[in-house]
Every structure is written in C-alpha cells, then in structure tokens.
Amino acid sequence: MNLTVMRLTMRGLLGRRRAVLFLILPVVLLGLAGLTRWASGGTPDASAGLASQFALGTLLPLMCLLISTGVIGAEIDDGSIVYMLAKPIPRRTIVLSKLVVAIGAAVVFAVLPTIAAVEIAGDEGGRLGLAFGVTSALAAIAYTALFVALSVATRNAVILGLLYALLWETVLGGYVPGIRAVSVRQWALSAGERMLGDHASAWGVTAEVGLATGIVMLVLTTAAATVLAIRKLQTLRLSSAE
C-alpha cells in the first residue's frame, strides 16, 4: 500500500459533494432507531429488524457504493486517474490502497452508525450491537471490493451498483429464498446468527447459509473482486481515461 495514494484518495473522497450523503444516511438511520425505540419500548427483536432490514439491507450497500465509486470511479470519469497511473506505482498498490481507504470510510460511516442504531433501538447486554457490528463489517469489506471492481470495469458503476444493491440485495435477497443464499447480506448475517446463539431465532436474526459457507463465500467474493479490479486497472490505457 502507498500512503500518498491513500492520503490523496481520502482527500478526494471527503472533498466531493457526495460526502454530504455520508452524513445524511447515518443520521436517517439513527433517527429511525430513535423512533423504533419509542414505538417498541426498546425490544431487541425490533432493534434487530431495523438493523437487518434497513441498516444491512439498504444503508450499508448504498454507503459502500458511494464510497467505492468515490475512491476510484470518479477519478476514472474525470480523467484525473491518468496522473496517478503515470507514476511508477504498481497498479495493485493503487487498488489495494484505495480499497483500504474505502473500507475504513465504510466502517466510520456505515458500520459504527449501525452499532449505534442498535444500541439506541434496544439491546440486551451489548450482544446485538456486537453481532451486527461484526456482520456489517464483514459485509462492508465484500461490498467495497465488489463496487471498487465495478468502478474500474465500467463507467456505469453507479447505475449497475444501485441495481445490484437495491434489487438483488434488498428486494430479491431479502425475500426470495433461492437468491438469499447468494447474497452478501446473508453471508455476513451468518456470523451474527452464530454470535447470538439461542437468541438469534427469538430476535429474528437468521441467515440462509451456515457460518462456514458464509465466511468462505465472503472471502472468495472479496478476493475475486480485488483481483478483477487489479487486472482491469492494469489493462486500462492512459488514453482511455481522457
């Protein structure tokens, strides 16, 4: 990884207008958490429903999409990536550096607000917050890798990413059994289900796959997406970024 690339990426990410959404979406989540606590009296099952349906199903993939396209997709679109590619820096170093920044931003703007929302909506001894913290962190890593690869592979990354995040992960991945088994959200949720143990079914935290399958699929997806991003950036000609 390259510290200069990471610093420039972070500056560009937080300096764009889309950075405003990094604050708006978490605030909406925290507001919904307060309403959930007021309506349910702070029961863990209501809190788990909010975290599973809205935080994991909507906020997390959207936030990871905004962040991932911001760390590299925007540079490719406006042509500024040409200056970085002209430097004697391996393409894999560029991708990995940007991926680390994207994951860090996803933790700050999506994972931590998810934990805070769970604690506000209702928890029992911090178990639910810890479980969804681990779940959202695992999902954030896979989502950012996927969306970074998508940003390098196509200039329509935002549109395709929105279709994937809202249609596949939120709608189909939330209600269609067959598709749920191949959903990042469900793979990550398997970790939260295992951590909650006997409380998982009572609080409505259930995954379509087992822990071993979920972790393996998350690792394979993240690795494959990272390799794809590196290969696509290696074959990206400088003239194509103009």
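Just a few scattered comments:
- Subset of region 195-212 (residues that are in a helix (DSSP H, G or I) and either modelled with pLDDT of 90 or more or in contact with an Asp or Glu (Cβ under 9 Å, 6 or more places away or on another chain) (or both)): His199, Ala200, Ser201, Ala202, Trp203, Leu211, Ala212
- Test: Leu13 is touching a Pro at 6+ places or on another chain (Cβ under 7 Å) and in contact (Cβ under 8 Å) with a residue 40 or more places away in the chain: no
- In region 155-181, the residue that is modelled with the highest pLDDT out of those that are in contact with a Lys or Arg (Cβ under 9 Å, 6 or more places away or on another chain) and over 18 Å from Thr213 (Cβ atoms) is Thr170.
- Failed item in (1) among the polar types (S, T, N, Q); (2) surrounded by 14 or more Cβ atoms within 10 Å (Cβ to Cβ); (3) without any contact (Cβ under 8 Å) to a residue 40 or more places away in the chain, with Ser47 passing the rest: (3)
- Screening the candidates Gly122, Gly126 for the property of being touching a Lys or Arg at 6+ places or on another chain (Cβ under 9 Å) and surrounded by fewer than 24 Cβ atoms within 10 Å (Cβ to Cβ) yields one hit, Gly122.
- Residue in region 60-68 that is surrounded by fewer than 24 Cβ atoms within 10 Å (Cβ to Cβ), out of contact with any strand residue (DSSP E or B) (no Cβ under 8 Å at 6 or more places or on another chain) and polar (S, T, N, Q) present: no
- When the test is whether a residue is of a type outside the set (D, E, K, R) and modelled with pLDDT of 90 or more, Ala116 passes it.
- Considering (1) within 21 Å of the chain's Cα centre (by Cα); (2) buried (at least 18 other Cβ atoms within 10 Å of the Cβ); (3) at pLDDT 85 or above, the lone condition that Ile24 does not fulfil carries the number (2).
- Test: residue in region 78-91 that is over 22 Å from Trp168 (Cα atoms), of a type in the set (Gly, Ala, Ser) and in a helix (DSSP H, G or I): no
- All positions within region 113-140 that are of a type in the set (Val, Ile, Thr) and either outside any helix (DSSP H, G or I) or over 11 Å from Leu60 (Cβ atoms) (or both): Ile115, Val118, Ile120, Val134
- Scanning region 186-225 for residues that are acidic (Asp, Glu) and within 18 Å of Ala46 (Cα to Cα) turns up Glu193, Asp198.
- Residue check, Arg11 farther than 28 Å from Gly129 by Cβ, at pLDDT 80 or above and surrounded by fewer than 19 Cβ atoms within 10 Å (Cβ to Cβ): yes
The values are calculated or read from the model by the stated rules, or taken from the named source; none is laboratory data. Since the structure is predicted, the reported quantities are computational estimates derived from the model, not experimental observations. Please note: Cβ atoms are built from the backbone with ideal geometry, for glycine as well, and neighbour counts cover all protein chains shown.
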